[in-house]
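Data block below; observations after.
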Ligand SMILES: [Zn+2]
């Protein structure tokens, strides 16, 4: 709170963690929950159980869900795709936005989004170049940027930060991962969102306060239950 981060979404990566983030969200008014199933997880998602959890008034998103074709311990691609589909359908059914994890699967993620008309959401930890940014923006998706944008090698990503329409830009920490360059080796935390926010404001030529206003409006527009 002292860092000015007034609301956050804790996302679940399986049923157990989804239950825990809902508990947190009930305990702390600043915390909201996402329920999801991580693509690298071995067991298959229990859609019925996730549906029940997602009806909780503190659950504002279906996430984290997605496709990971890079992690070699992940289930095979076809299995991940078979599992991803009903999770996206659940989001449409419950009119909740999705938070999508994509590693090495941009074509397949794009196709999955297109297969679910009415799906809304955010590309979590966005790390791709502008041509891909445009393709996800065309699907109505938001781009969520993390500490990665502060890393010296990420010039192409900083270009995306500059070009992203103001009404589609989100920030996240992905804590305890996703460290900003100056925090390497330290577990990330929600307060460190400021590292990313400071650079994003600078890149876009606006003040931190203006960026905070944009972020608040965007987060509330997408995660509608987060009021
Ligand atoms: Zn992720």
Inset, instruction - Can you pull the one-decimal nm distance between simple spin-label points at residue 56 and residue 78, each 7 Å off the Cα toward Cβ? - result: 3.6
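If you scale each eigenvalue of the Cα gyration tensor by 5 and take the root, what three semi-axes come out for the chain, rounded to whole angstrom and sorted largest first? Could you put the intermediate results ahead of the total?
Numbers: eigenvalues 130, 83, 57 Å².
Rounded to whole Å, the semi-axes are 25, 20, 17.
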Legend entry - Sequence-separation-based contact order of the chain, relative, with Cα cut under 8 Å and 6+ spacing, percent: 15
Inset, instruction - Report the label-to-label distance for residue 153 and residue 194 in nanometres (one decimal), using points 7 Å from each Cα along the Cα→Cβ vector. - result: 2.9
Inset, instruction - Could you work out the per residue convex hull volume over the alpha carbons of the range 120-227, in cubic angstrom? - result: 94
Legend entry - Calculated Rg and Dmax of the range 57-125 using C-alpha coordinates, Å: 11.6, 36
Inset, instruction - Run the quick spin-label model on residue 135 and residue 49: label points 7 Å from Cα toward the beta carbon, then report their separation in nm to one decimal. - result: 3.4
Legend entry - Span from the the range 126-204 Cα centroid across to the the range 21-53 one, whole angstrom: 24
Legend entry - Helix-only mean residue ellipticity at 222 nm for the chain, each DSSP H run of n ≥ 4 adding -39500 (n - 2.57), per residue, nearest 500: -12500 deg cm²/dmol
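A short reminder: the numbers here are calculations on the coordinates, not readings from a lab. Owing to the predicted nature of the structure, the values given are computational and were not obtained by experimental measurement. No Cβ is skipped: glycine too gets one built from the backbone with ideal geometry, and neighbour counts run over all protein chains shown.
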